[in-house]
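Peer 1: The structure follows.
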Amino acid sequence: MTTGFKAGFVGLIGLPNSGKSTLMNFLIDEKVAIVTPRPQTTRRRVHGILNEEASQIVFVDAPGLVTAKPGLFDFLAKEAQEVMAESDALIAVLSLDLKSAEEAESIISMVSKSGKPWMAVINKIDLEALSHRSLILRNMLQDHKVPILSVSCLHRDKFQKEDREELITEIKKLIPESPAPLYDPELYTTESLRDLACEIVREKCFLNLKDEVPYSMAIRTIEFKEDADPIPRITLEIIVSKDNHKGIVIGKGGQLLKKIGQEARVEIEKLMGTKIFLGLKVSTREDWFQNKRIMKELGYYHES
Ligand SMILES: Nc1nc2c(ncn2[C@@H]2O[C@H](COP(=O)(O)OP(=O)(O)OP(=O)(O)O)[C@@H](O)[C@H]2O)c(=O)[nH]1
Ligand SMILES: [Mg+2]
């Protein structure tokens with residue numbers, strides 16, 4: 001007997017900076033995944049859940065596909081591969097600002113070889129100077145005979161609601177029937193508040209720091225006391241990989257760290273629906289991303 005209910009994991013696969021995290025937040029209409037203008041923002045897969053009466057789509061936002069290199073890059077590459085393997089269906093995210101046609105070809109070929117049901121999303125269509133690339137991408141996709149939709153997640157006023165509903169309708173066609181939802185339908189993410197708070201701080205670091213500093217940074221919880229009196233008390237550690245990065249993060253007279261803290265606090269307060277105390281500590285763990293033990297401690301770890 002079929003219930004008519006559908007549920008499944010849908011992996012978002014694309015190059016770094018193609019807008020996967022923005023697209024997921026747009027589809028679930030919540031901010032779960034952090035977004036910055038720089039590649040390799042997403043490090044670990046993040047689940048965003050869209051609950052409807054007859055379906056539950058669990059989006060899996062993966063790190064952008066990168067070539068494996070030792071350390072953190074190896075983790076990112078494996079993470080994206082695992083998302084592909086574990087999803088019921090895939091969305092190839094192709095943005096108009098990609099660097100070359102070969103890059104798009106490589107994503108299309110990887111996703112189609114997975115053997116999973118898939119569709120393509122042409123992203124960032126508000127970049128009008130690059131609009132000719134839409135046609136090039138559509139030509140590349142033609143032989144695959146998959147649904148192709150175009151979106152802009154940033155300019156929702158201009159490229160509005162129909163987009164989102166059309167997209168969701170197509171995505172639902174890709175996922176299997178399921179006797180029940182995969183997660184509690186009250187949830188819009190499987191991330192814990194702790195994880196979300198760390199990610200928000202990492203986002204603000206990315207937005208406030210130049211060059212390589214945020215790339216070799218990790219955030220960890222020191223204390224997370226939701227029932228502290230009079231307001232919840234959260235202290236997080238910003239781990240940098242070189243001692244001279246510490247001063248850069250703290251800034252002159254502590255100004256930069258203060259700004260990062262303020263921006264993150266406002267967002268965490270919105271998420272928790274209450275005022276909070278947010279403390280940030282900066283410490284150095286020399287080249288932590290080359291140290292398996294520390295990588296594991298920070299959650300950047302795969303079994304094999
Ligand atoms: N113009 C335009 N920019 C967009 C759109 N969607 C996302 N962006 C921008 O593209 C940049 C990257 O967005 P992300 O969502 O972080 O991209 P990502 O694919 O998750 O990147 P990684 O996590 O690094 O792989 C950000 O600056 C976004 O604001 C869009 O529809 N139009
Ligand atoms: Mg991302």
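The values are calculated or read from the model by the stated rules, or taken from the named source; none is laboratory data. What you see is a predicted model, and the numbers here were worked out from it, not measured in a lab. As a convention, Cβ positions derive from the backbone with ideal geometry for all residues, glycine included, and neighbour counts pool all protein chains shown. In case anyone asks, the SASA skips ligands and DNA or RNA and just uses the protein heavy atoms, side chains included. Shrake-Rupley method; radii C 1.70, N 1.55, O 1.52, S 1.80 Å.
Peer 1: Would you count, across the stretch 50-153, every pair of lysines whose alpha carbons are under 17 angstrom apart, provided the pair is eight or more residues apart or spans two chains?
Peer 2: 5
Peer 1: Over the chain, with the other protein chains present, what is the accessible area per residue in square angstrom, probe 1.4 angstrom?
Peer 2: 49
Peer 1: Contour minus end-to-end for Leu182 and Arg38, with contour as 0.36 nm per residue of separation and end-to-end as the Cα-Cα distance?
Peer 2: 48.6 nm
Peer 1: Out of the total accessible area of the chain (probe 1.4 Å, heavy atoms of protein only), what percent is carbon and sulfur?
Peer 2: Here carbon and sulfur together make up 53 percent of the probe-accessible area.
Peer 1: Place +1 on the Cβ of every Lys and Arg and -1 on the Cβ of every Asp and Glu in the stretch 1-89, take the dipole about the Cα centre, and give the residue among Ala85, Gly11, Ala62 whose Cα lies farthest towards its positive end.
Peer 2: With unit charges placed on the Cβ atoms, the residue in question is Ala62.
Peer 1: Where does the longest stretch of the chain lie that holds no GluC sites (Glu not before Pro) found in a DSSP loop with 15 or fewer other Cβ atoms within 10 Å?
Peer 2: Between the exposed loop sites, the longest stretch runs 54-185.
Peer 1: How many angstrom lie between the C-alpha centres of the stretch 246-304 and the stretch 1-72?
Peer 2: 23
Peer 1: For Lys252, give me every one of the aspartates and glutamates with a C-alpha distance below 20 angstrom, ignoring sequence neighbours fewer than eight places off in its own chain.
Peer 2: Within the straight-line limit of under 20 Å, Lys252 reaches these aspartates and glutamates: Asp211, Glu212, Glu237, Asp243, Glu263.
Peer 1: To check you understand DSSP bridge types, tell me what percent of the beta bridges within the chain (both residues inside) are antiparallel, rounded to 5.
Peer 2: In the chain, DSSP labels about 35 percent of beta bridges as antiparallel.
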